[in-house]
Structures are given as structure tokens and as C-alpha cells.
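Student: First the structure, then my questions, so here it is.
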Amino acid sequence: MNFLVKRRWPKSQSLMGELLIDSAHACYTLEPPQKTDGSKPRAIPAGTYDLTVRFSQKFQRLMPHVENVPDFAGVLIHWGNFPKDTEGCTLVGSIQANNFVGHSREEFDLIFRKIQD
């Protein structure tokens with residue numbers, strides 16, 4: 001499976017896009033905004049990264065981890081609705097609005113099952 005985050009709609013507080021699985025729309029995404037000054041939270045650099053499933057201390061469960069991101073540690077795909085819910089991770093949801101993704105926990109569960117497959 002190929003997972004691709006297409007960053008489509010930069011906002012003042014976030015970077016919104018969509019997650020494609022094997023080129024098909026799976027859900028909407030929300031990341032921190034892109035910044036050039038190096039401050040965090042910020043979106044991770046564009047690139048190709050491995051995705052693994054392993055235990056997260058923060059969530060106390062198995063979670064999808066985005067591996068080997070330069071200058072970042074602990075980058076996950078997880079649930080959340082607003083920019084305040086991410087420090088560099090990708091939030092997922094089935095609906096979107098300005099600086100918001102919704103139905104996030106339900107969408108995460110669907111995406112996580114696909115990742116585990």
C-alpha cells in the first residue's frame with residue numbers, strides 16, 4: 001500500500017490536505033503550518049518516509065509512526081480536530097473546515113485498520 005499526504009490548503013494556523021491510499025482519497029488531513037524559521041509546531045518536511053506500527057507512550061496503544069523525519073521525533077498519524085491537537089503529527093478526519101478536521105476518531109480507526117492490513 002502507498003500512503004500519500006497531499007498538502008492542498010495552507011491556512012494561517014494549519015496545513016490542510018488529504019490522505020490518499022493507493023491514489024484514492026481516504027480522508028482529510030490537518031498538520032501544523034509550514035514554517036521557514038525553524039520554530040515548532042510546524043509541518044514535517046515534504047518527503048518519502050517509512051510508516052510503521054508500534055507502541056506509543058503518549059497514546060498507550062499501537063499507533064502509526066512516520067519514521068526518520070529530519071529534526072523530528074515521535075511523528076504519528078492520529079486523531080484530533082484542531083491545530084492545537086498536533087505538534088508535528090498528521091491528524092485525520094472525514095470532514096473538514098478552516099483549520100479543522102472532524103469525525104477524527106472514527107476516521108482514524110478506519111485508516112488504522114488499513115495500515116495494519
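Student: In terms of the Cα gyration tensor, with a ≥ b ≥ c the square roots of its eigenvalues, is the range 45-98 rounded because a/c is under 1.5, prolate because a/b exceeds b/c, or oblate? Provide the component values of the computation, followed by the final result.
Tutor: Details: a/c = 1.79, a/b = 1.27, b/c = 1.41.
Oblate, since a/c reaches 1.5 and b/c is not below a/b.
Student: Same structure, new question: What pairs from 35/84; 35/114; 11/114 go past 25 Å between their alpha carbons? Mind showing how you got there, number by number?
Tutor: On the way: 35/84 16 Å; 35/114 31 Å; 11/114 28 Å.
Checking Cα-Cα distances, 35/114; 11/114 exceed 25 Å.
Student: Residue by residue through the range 10-27, which ³J(HN,Hα) values in whole Hz follow from phi under the Karplus form 6.51 cos²θ - 1.76 cosθ + 1.60 (θ = phi - 60°), with glycine and proline marked x?
Tutor: Result, rounded to whole Hz: x, 10, 5, 10, 7, 10, 9, x, 9, 9, 10, 10, 6, 6, 10, 4, 10, 5.
Student: A follow-up question, please. Under the rule of -39500 (n - 2.57) per DSSP H run of 4 or more residues, summed and divided by the residues of the chain, what mean residue ellipticity at 222 nm is obtained, to the nearest 500 deg cm²/dmol? Mind showing how you got there, number by number?
Tutor: On the way: 1 runs with 13 residues, N = 117.
The helix contribution divided over the chain gives -3500 deg cm²/dmol.
Student: Rg and Dmax of the chain over Cα atoms: what are they, in angstrom?
Tutor: 12.9, 38
Student: Mind jotting down the three principal axis lengths of the range 24-71 based on Cα atoms? Whole angstrom, largest first.
Tutor: For the range 24-71, the Cα spread along each principal axis is 33, 30, 18 Å.
The numbers here are math on the coordinates, done by the rules we state, and not lab data. Here the structure is a predicted model, which is why all the values come from computation and not from measurement.
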